[in-house]
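Reviewing the structure listed below.
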């Protein structure tokens, strides 16, 4: 374990110092964006009689009253052959990720200005 010595003579482990500085609070804009994504996803599911709940806490989301920690990775579909997509997503899940951001390369959708594929 790495130890960092402060100028005041105190010592902190690298992991403790990283925890203090790495996690920024969730802004309102981020909460709204993620909430909208969850709602859109939920709306696409078939209607079921369910007793599940979803709430927004002060710093997190609470599906069924349990704190949800978002662990996200990014997937660039244009850089991965289509036959590997499922495998890459399975690997992300195996690593403990529960969210995947998909980057879309706009030049693939509009190769020349005003021409869309």
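The values are calculated or read from the model by the stated rules, or taken from the named source; none is laboratory data. Every value quoted in this text rests on a predicted model; they were computed, and no experiment measured them. Because the Cβ atoms are built from the backbone with ideal geometry, glycine has one as well, and the counts that use them run over all protein chains shown.
Applying the criterion of being at pLDDT 90 or above and touching a helix residue (DSSP H, G or I) at 6+ places or on another chain (Cβ under 9 Å) to the residues of segment 76-87, the residue that is nearest to residue 34 (Cα to Cα) is 85. Please determine whether any residue of segment 93-101 is out of contact with any helix residue (DSSP H, G or I) (no Cβ under 8 Å at 6 or more places or on another chain), in a strand (DSSP E or B) and either surrounded by 11 or more Cβ atoms within 10 Å (Cβ to Cβ) or in the same structural domain as residue 37 (by TED's automatic domain parsing) (or both). Within segment 93-101, one or more residues are out of contact with any helix residue (DSSP H, G or I) (no Cβ under 8 Å at 6 or more places or on another chain), in a strand (DSSP E or B) and either surrounded by 11 or more Cβ atoms within 10 Å (Cβ to Cβ) or in the same structural domain as residue 37 (by TED's automatic domain parsing) (or both).
In segment 34-44 there is no residue matching the filter, namely being outside any strand (DSSP E or B) and at pLDDT 85 or above.
Looking across 52, 76, one residue alone is exposed (fewer than 10 other Cβ atoms within 10 Å of the Cβ), over 13 Å from the mean Cα position of the chain (by Cα) and touching a residue at least 12 places away in the same chain (Cβ under 8 Å). It is 52.
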